[in-house]
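Structure first, then comments.
Taken together, the values in this text are just the output of simple stated rules run on the coordinates, not laboratory data. Quick caveat, the model's predicted, so the values are computed rather than measured. So basically every Cβ, Gly included, is an ideal-geometry build from the backbone, and we count neighbours across all protein chains shown.
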RNA sequence: GCGGAAGUGGCGUAAUUGGUAGCCGCACCAGACUUAGGAUCUGGCGCCGCGAGGCGUGGGGGUUCGAGUCCCUUCUUCCGCACCA
């Protein structure tokens with residue numbers, strides 16, 4: 001009987017579907033385990049061989065956990081709202097819902113063929129109304145909440161309203177907009193409804209405000225900071241500019257500290273945590289107010305080095321700073337205006353590329369250093385960012401490189417402030433030594449100086465200690481069609497939530513997927529789309545990350561239509577134990593999800609502070625492109641090794657007609673009409689192709705589809721080969737070359753169950769010691785490997801085990817049956833088939849129990865000690881493991897073989913490590 | 001510039017705690033079989049050398065009886081951040 005993988009795989013995939021083998025329910029008698037994959041965006045190109053890498057790993061892990069007795073939740077769905085479907089809709093007029101539906105079906109077929117243990121009864125799509133109903137509902141909870149720094153959590157907005165009614169803003173410590181004013185209870189109560197709403201909007205966790213946004217004209221939408229890379233859009237690479245607009249935002253900044261602290265309590269890769277720390281960008285420092293010589297206004301600066309305040313020789317404002325216009329003296333007006341105009345014309349990218357060039361302009365105004373009383377000039381320069389801190393800095397050229405260059409360029413003084421500071425050629429940011437030229441802190445060290453200064457500025461009211469975060473609130477709106485409608489309508493220009501009973505707010509049909517002629521978002525085209533037939537809805541839709549910021553909860557209770565997830569479900573499933581996905585979501589999805597999770601927890605809907613306990617990033621699978629070399633101007637192709645002898649041009653060739661870098665000439669000729677009459681210059685009768693590692697993409701003809709691999713070798717081979725390729729976290733190019741090794745292994749494994757005539761033949765004989773050793777080695781190895789996510793090493797261990805059992809001609813049930821169970825996570829189809837041969841009618845192997853490892857089967861009584869002299873292995877000596885080091889040493893020194901190497905000398909020292917090694921020093 | 005990860009045969013990789021470097025595959029070489037194949041089986045395969053032997057985990061140095069593994073230093077590649085006061 002042959003290994004017929006096509007029949008076997010189809011048979012079991014059908015069986016699993018019909019018997020709901022992977023359906024799970026809450027089971028209080030079993031410990032839960034939640035394994036989650038980052039759900040895919042269903043693109044039109046379908047899955048390539050790189051996409052399932054993480055899914056295979058998580059599938060192995062969840063199958064293993066199930067064999068170990070856990071109740072495993074392992075779901076899959078689709079992040080189905082997004083730009084590509086809409087861009088396609090603009091080009092073709094095809095409704096994004098239709099293409100998304102087609103793509104989703106194709107993804108599902110491809111996933112099914114790989115044999116995943118997903119509970120498909122929990123499948124979800126973020127674009128389904130019964131899913132986005134709850135995304136909208138969560139949006140409403142955020143709108144109806146504010147952040148109370150006193151209790152350090154989000155609370156219902158009513159609590160805040162009650163505070164305003166009783167005490168006004170007095171004593172309220174809330175996360176709010178920067179321009180928020182104070183008022184008394186009487187003032188609040190005297191406000192009109194509209195005025196109150198306007199005020200509350202400054203506190204809500206999702207709010208509408210006038211802010212500077214990343215506007216992408218080509219995409220016709222704003223983008224979040226994490227969607228802009230170096231001044232260009234992440235999707236499509238279009239230029240992005242800064243623009244002031246009224247926008248929905250999420251007050252994630254309120255959670256900056258908790259998001260930062262939480263990173264210490266989760267088992268995530270260090271690089272991801274570090275990226276989130278950078279993104280949050282906490283810096284501890286102080287705010288300090290400088291009086292102005294001729295104005296009542298003060299310039300407030302943020303500094304992390306208050307101790308350097310006596311080294312301040314000028315102030316610098318961002319060109320956008322609100323005081324610039326007012327401060328500028330008439331004689332400097334022209335210069336300042338010219339500089340501001342120049343800055344405006346520079347794109348974000350130019351500004352970044354131009355780090356080295358020093359530029360700036362003097363306003364003509366002077367400020368007074370609140371500690372030294374010194375008069376310092378006020379400049380503007382584009383190296384100061386309007387959006388960070390206060391948009392103004394105190395410049396300390398002796399301690400800061402940018403200030404140093406600026407001072408040198410414009411001939412401003414540079415004052416040494418620490419005795420150990422060396423500032424002849426460059427700034428020195430040291431904190432070592434004692435202060436000099438520094439008034440009241442002269443002679444102090446850093447710690448003492450900081451304490452003294454903070455105390456002084458707070459006592460005098462000129463400043464205060466302050467912690468600053470780089471992270472800005474997240475823009476939460478896109479001027480696009482294919483996203484969740486925002487459940488908000490406008491009355492008197494103010495936003496109000498629609499009634500909860502009106503959810504879901506269905507995405508309306510429109511005639512064209514383009515902005516209106518007046519530049520309104522596409523939803524403005526929806527004719528007659530008004531709340532209660534009267535009020536305008538919000539015309540933006542939610543960003544791509546809305547639906548993915550809570551989806552792991554929906555899987556827990558996917559069909560619930562009275563709540564986004566039931567309490568019963570969160571009580572049991574709680575959080576995600578293992579999350580596998582790409583590192584490209586480090587500062588987007590993974591940060592937003594943590595944020596929403598904390599809000600939902602604060603409001604009492606879920607119980608865990610962090611949603612994803614353990615995170616693993618699978619590496620990217622790159623493409624391995626192949627090239628042919630055409631002699632320029634001809635239809636003649638030269639083999640790789642000979643290409644230097646001709647004037648050639650490399651051309652991508654489809655990797656699917658190349659095997660081990662040898663081109664299939666017939667298939668090549670048939671590939672496109674131009675090549676039908678191609679001629680070749682061969683080496684050793686073959687055409688050898690060149691190769692290069694590139695991104696896997698259609699245009700490079702290096703895309704390998706899992707469908708093709710499965711067709712040729714089967715899903716079990718694909719699964720094992722993807723793991724065999726190397727450590728999960730590592731990025732690596734896909735190369736189909738090695739796959740036959742894995743395929744041969746599975747056939748060899750299959751053959752263990754057959755006799756010489758090819759008939760199934762398994763005996764009930766007692767296993768030998770060697771057979772038991774082979775089995776228990778693999779039982780132990782797989783358990784260890786899976787636990788530390790080292791899937792590649794298990795595959796080679798299976799190969800070793802099968803090689804050993806083949807050599808032993810083992811066909812004993814007592815060995816093969818447990819072996820089938822251990823391999824089921826990796827190669828579930830063949831495992832099912834063999835299991836059913838061993839145990840006809842006894843159901844699925846996934847319901848078996850992982851075999852128990854018995855260490856006694858691995859115990860040896862003798863060991864081949866490597867005998868080394870001065871650390872170099874010279875020979876080996878077989879010695880009983882029962883002997884203690886002193887006895888081993890005696891035997892070694894007596895051995896005639898060893899004496900040969902000692903050359904009559906007595907070793908100065910002999911080291912015996914029991915069961916490991918013997919080393920002699922001579 | 002700052003932060004992170006990684007450098008081992010022709011290739012992908014392995015090496016639990018400092019203890020025989022190169023497991024397992026691919027490719028390659030030799031042989032067997034043969035219904036000539038992108039099939040199967042057997043054996044070989046780090047480098048230099050006929051050999052004894054020597055060298056060998058990016059380079060240099062150190063600790064140790066012993067280093068791919070620990071420490072210092074340096075180079076290279078990839079990833080992330082980048083005027084953040």
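Annotation for residue A:411 and residue A:375: the two label points, set 7 Å from Cα along the Cα-Cβ direction, are 1.9 nm apart. Antiparallel beta bridges, as assigned by DSSP with both residues in the range A:282-469, represent about 90 percent of the total such bridges.
Please arrange A:438, A:62, A:790 by how many other C-beta atoms lie within 10 Å of their C-beta, fewest to most. Please list the in-between numbers first.
Details: A:438 23, A:62 28, A:790 14.
With the sparsest Cβ surroundings first, the list reads A:790, A:438, A:62.
How much length is gained if the chain between residue A:30 and residue A:419 is pulled fully straight, taking 0.36 nm per residue apart and subtracting their Cα-Cα distance, in nm to one decimal? Show your work: numbers first, answer last.
Values: separation 389, 0.36 × 389 = 140.04 nm, distance 6.69 nm.
Gain on stretching residue A:30 to residue A:419: 133.4 nm.
Sorting A:191, A:799 by the number of Cβ atoms found within 10 Å of their own Cβ, with the fewest placed first, yields A:191, A:799.
Once R0 is set to 30 Å, what does the formula 1/(1 + (r/R0)^6) return for the Cβ-Cβ distance between residue A:90 and residue A:501, expressed as a FRET efficiency to the nearest 0.05?
Values: r = 34 Å, r/R0 = 1.15.
E between residue A:90 and residue A:501, to the nearest 0.05, is 0.30.
A straight chain from residue A:194 to residue A:235 at 0.36 nm per residue would run longer than the Cα-Cα distance by 10.8 nm. Once Rh is set to the Kirkwood radius over Cα pairs, what Stokes-Einstein translational diffusion coefficient, in µm²/s, holds for the range A:860-921 at a temperature of 25 °C and a viscosity of 0.890 mPa s? In µm²/s, the coefficient rounds to 215. The modelled label-to-label distance for the pair residue A:790/residue A:267, using points 7 Å beyond Cα in the direction of Cβ, is 1.6 nm.
Helix A:5-19 and the longest principal axis of the C-alpha atoms of chain A enclose an angle of approximately 60°. Rg and Dmax over the alpha-carbon atoms of the range A:282-469 stand at 16.2, 47 Å. With R₀ set to 22 Å, the beta-carbon distance separating residue A:337 from residue A:359 gives a calculated FRET efficiency near 0.90.
Restricting attention to the range A:815-922, close to 80% of DSSP beta bridges with both partner residues there are antiparallel.
Convex hull volume per residue, computed on the Cα atoms of the range A:174-292, equals 197 Å³.
Could you tell me the center-to-center distance, by alpha carbons, between the range A:855-884 and the range A:754-775 in angstrom? That distance is 30 Å.
Rounded to whole Å and ordered largest first, report the semi-axes of the equivalent ellipsoid of chain A derived from its Cα gyration tensor (root of 5λ).
58, 39, 32
Subtract the Cα-Cα distance of residue A:894 and residue A:454 from 0.36 nm times their separation in residues, and report this length gain in nm to one decimal.
Numbers: separation 440, 0.36 × 440 = 158.40 nm, distance 7.71 nm.
This chain segment gains 150.7 nm when fully extended.
So what's the projected area for the range A:681-817, the Cα convex hull averaged over all directions, in nm²?
Details: hull surface 48.0 nm².
That works out to 12.0 nm².
How many percent of DSSP beta bridges within chain A run antiparallel, rounded to 5? Mind dumping the intermediate values first?
Values: 89 of 114 bridges.
Roughly 80 percent of the DSSP beta bridges within chain A come out antiparallel.
Mean projected area of the Cα convex hull of the range A:414-495, taken over all directions, amounts to 12.0 nm².
So what's the angle, to the nearest 10 degrees on a 0 to 90 scale, between helix A:715-724 and the longest Cα principal axis of chain A? That helix lies at roughly 70 degrees to the long axis. Dividing the summed helix terms, -39500 (n - 2.57) for each DSSP H run of n ≥ 4, by the number of residues in chain A produces a 222 nm estimate of -10000 deg cm²/dmol to the nearest 500. Okay, which of the range A:844-885 sit inside 20 Å, backbone N to the point 7 Å along the Cα-Cβ direction of residue A:909? Answer for the range A:844-885: A:866-874, A:885.
Stokes-Einstein at 25 °C, 0.890 mPa s, Kirkwood radius from Cα pairs: D for the range A:483-529 in µm² s⁻¹?
Working: Rh = 12.0 Å.
Reported coefficient: 205 µm²/s.
Name all residues of the range A:820-842 having a backbone nitrogen under 15 Å from the label point set 7 Å from the Cα of residue A:764 along its Cα→Cβ direction, giving them as ranges. Flagged as within label range: A:838-840.
Taking 41 Å as R0, compute the FRET efficiency from the Cβ-Cβ separation of residue A:158 and residue A:509 and round it to 0.05. FRET efficiency, residue A:158 to residue A:509: 0.65. With Cα atoms as the point set, the range A:162-244 shows a radius of gyration and Dmax of 18.2, 53 Å.
Compute the angle between helix A:270-280 and the longest alpha-carbon principal axis of chain A, please, reported from 0 to 90 degrees and rounded to the nearest 10. Taking the Cα atoms of chain A, the angle to A:270-280 is about 10 degrees. Got a sec? Which residues in the range A:903-922 would a label at residue A:884 touch, if it sits 7 Å along Cα→Cβ and we count backbone N under 11 Å? Taking a point 7 Å out along Cα→Cβ of residue A:884, no residue of the range A:903-922 has its backbone N under 11 Å.
Note on the range A:623-694: Rg/Rh from Cα positions, Kirkwood definition for Rh, rounded to two decimals, is 0.92. Ranked for footprinting exposure by Cβ neighbours inside 10 Å, fewest first, A:478, A:554 give A:554, A:478.
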